[in-house]
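A short worksheet on the structure shown next.
The values are calculated or read from the model by the stated rules, or taken from the named source; none is laboratory data. This is a predicted model, so every value here is computed, not measured. Note: ideal-geometry Cβ built from the backbone for every residue, glycine included; neighbour counts use all protein chains shown. Side chains are part of the model used for accessible areas, which takes the heavy atoms of the whole protein and leaves out ligands, DNA and RNA. Shrake-Rupley method; radii C 1.70, N 1.55, O 1.52, S 1.80 Å.
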Amino acid sequence: MDSKAMNRQTWKQKLSSYKKHPGSAVLMLLVILSAVITVSVLIFLLAYILINGIPNLSLDLFAWKFTEDNQSMMPAIINTITMTALVLLIAVPIGVFSAVYLVEYAKRGNKLVKIVRMTTETLSGIPSIVYGLFGYLMFTVSFQWGYSILGGAITLAIMVLPVIMRTTEEALKAVPDLYREGSFGLGAGRLRTVFRVVLPPAVPGILSGIILAIGRVTGETAALIFTAGTIAGVPDSLMDSGRTLAIHMYALLNEGLHMDKAYATAVILLVMVVGINALSGFVGKKLQK
């Protein structure tokens, strides 16, 4: 039987099953409709940004220094890369090692573990403006750092930490216990089992949480306005203020005088997010091998 005949037979079986169970057909149509709407909205947003932004790209937007004439985004690009690197440097080790402790070392059914999980799930749903106010009161006012890149990075690290913890925890839970038992049976210790047997299969799940964190960091504005500030320039140190690409775009849109350059900034921000995610996926595949 060739492939076309098999496909016809499969479709006939599906149609007969849908006739017997009309609810299944309705659910299938709803799923297909939801997928079409989601993809259509995504395509529309991408097309809208690219159509309005690409024609407005120019070399002046990539000048090293920001001026009122060029509205350069280069300082914002550098600040975005710096901010993302700092946040990942702070949040990833803490989030991954915390999840490793909760899954591999803590006793199952421990009440403290349940409290930690409930707390992280609660923190994941808190609006970013609340984190911004916390960072402002803690780092800007109490620590007297002023508006600084470091204060913004720590605030964003606290904000994305629950996401990294929960995704890492679920990735570790998905690793079968047979892997652990086999490693222990061969005489390996718990630490060696965790790093050589458990973590490698969990890398894709861990990376998914890191990619979500990167997307939230690069697109965040509310938390950074209160902590990192909005100065358009490359800071001399981590204790100086600086704006990211998202804040740069917000400032241009808020002024209403440089809408064309705001669209161009949106294109670069989109390219940066896609590029960082692709780089994370490439690194993840290398680590998994």
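Brief remarks on what is shown
- Calculated [θ] (222 nm, deg cm²/dmol) that DSSP helices of n ≥ 4 give over the chain, each run adding -39,500 (n - 2.57): -23500 deg cm²/dmol
- The alpha-carbon of residue 261 sits under 16 angstrom from the alpha-carbons of these aspartates and glutamates, leaving out residues fewer than 8 places away in its chain: 60, 68, 69.
- Residues of the range 96-123 with an amide N closer than 18 Å to a point placed 7 Å from the Cα of residue 184 along the Cα-to-Cβ direction: 100-110.
- Between residue 58 and residue 212, the contour length at 0.36 nm per residue exceeds the alpha carbon distance by 52.4 nm.
- Ordering of 25-37, 246-258 by burial proxy (mean other Cβ atoms within 10 Å per residue, highest first): 246-258, 25-37
- The charge dipole of the chain, taken about its Cα centre with unit charges on the Cβ atoms of Lys, Arg (+1), Asp and Glu (-1) only, comes to about 1860 debye.
- Potential extension, residue 130-residue 115 segment - 0.36 nm per residue separation minus Cα distance: 3.3 nm
- Reachable aspartates and glutamates, given that their alpha-carbon falls under 18 Å from the alpha-carbon of residue 107 and they are not under 8 places away in the same chain: 169, 170, 177, 181
- Stokes-Einstein D for the chain, Kirkwood Rh over Cα pairs, 20 °C, 1.002 mPa s (µm²/s): 96 µm²/s
- Here's the picture: charge each Lys and Arg Cβ at +1 and each Asp and Glu Cβ at -1 in the chain, and of 257, 146, 223 the one pushed furthest to the positive end of that dipole is 223.
- Per residue solvent-accessible surface (Å²) - the chain, probe of 1.4 Å: 58 Å²
- Legend: calculated FRET efficiency, residue 255 to residue 44, from the Cβ-Cβ distance at R0 = 30 Å, rounded to 0.05, equals 0.70.
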